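Here's the structure, in structure tokens; my notes come after.
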Amino acid sequence: MTKLTQTQTIILNAGAQRTENIALPLPKGLAGAAAKMAVNRMIALGWLQEVDANLRRGEPLWRETGDGHGTTLVVTDAGLLAIGIEPVAAQPKTDLHNDCYETPKAPTQRAGTKQAMLITMLQAPDGATMDEIVAATGWQAHSARGAMSGALGKKLGLVVTSAKENERGRVYRIDQPAP
């Protein structure tokens with residue numbers, strides 16, 4: 001049995017964790033001739049297989065074939081066995097809408113946290129200024145802005161708006177109720 005190199009192990013492990021065992025993208029720093037040499041060796045050993053890429057599903061391309069098609073790399077059963085993973089027989093897809101996959105749980109808000117306090121402040125009709133947010137949470141201004149952008153905006157999907165008011169300065173508000 002051939003001993004795996006560190007690069008081969010990384011490629012096979014990453015591919016084993018992806019949908020349909022797609023081995024791309026390759027590890028950072030592995031490009032050009034080194035990538036081609038590593039992949040060709042793994043194909044020769046039967047650990048990777050070059051297959052037509054489904055561009056509609058956004059599968060990454062390994063190379064273009066010249067006739068307008070592209071190929072991607074897939075970890076084979078032998079590749080899975082080489083890293084100690086038992087191949088699983090493919091389950092036939094019964095529906096085209098991927099209903100068999102669990103939908104990710106929406107993030108939930110815990111009561112009594114600084115984030116909950118921030119949401120309450122921003123949902124108030126008067127909204128909140130940065131000074132009020134900093135005083136209430138004990139955060140620095142850049143942390144409060146990051147929480148509004150990241151945790152509230154990206155993770156919870158809340159829309160935080162800001163408007164400059166003459167008497168108070170910049171006031172932040174959430175225009176929709178929390179989930």
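The values are calculated or read from the model by the stated rules, or taken from the named source; none is laboratory data. Just so you know, these numbers come straight off a predicted model, no measurement behind them. Virtual Cβ from ideal backbone geometry, glycine too; neighbours counted across all protein chains shown.
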Can you tell me which of 58, 70 is at positive phi, modelled with pLDDT of 70 or more and in the same structural domain as residue 20 (by TED's automatic domain parsing)?
-> 58
Only one of 135, 144, 151, 163 that is exposed (fewer than 15 other Cβ atoms within 10 Å of the Cβ) and either in a helix (DSSP H, G or I) or touching a Gly at 6+ places or on another chain (Cβ under 6 Å) (or both) | 135
Residue match in segment 47-57 (condition: under 21 Å from residue 6 (Cβ atoms), buried (at least 17 other Cβ atoms within 10 Å of the Cβ) and in contact with a Ser or Thr (Cβ under 7 Å, 6 or more places away or on another chain)) = yes
In segment 104-117, is there at least one residue being at pLDDT 75 or above, surrounded by 12 or more Cβ atoms within 10 Å (Cβ to Cβ), farther than 30 Å from residue 173 by Cβ and of a type in the set (Lys, Arg)?
-> no
When the residues of segment 1-43 are filtered to those that are assigned to a helix (DSSP H, G or I) and basic (Lys, Arg), which remaining residue is nearest to residue 62 (Cα to Cα)?
-> 36
Quick one: in segment 44-53, of everything that is in contact with a helix residue (DSSP H, G or I) (Cβ under 9 Å, 6 or more places away or on another chain) and assigned to a loop (DSSP other than H, G, I, E, B), which residue is farthest from residue 80 (Cα to Cα)?
-> 45
Please identify the pairs in which a residue from segment 128-153 that is within 11 Å of residue 115 (Cβ to Cβ) has its Cβ atom under 6 Å from the Cβ atom of a residue that is of a type in the set (Ser, Thr, Tyr), counting only partners at least 6 apart or on another chain.
-> none
Name the single residue, out of those in segment 74-103 being part of a helix (DSSP H, G or I) and more than 26 Å from the chain's Cα centre (by Cα), that is modelled with the highest pLDDT.
-> 78
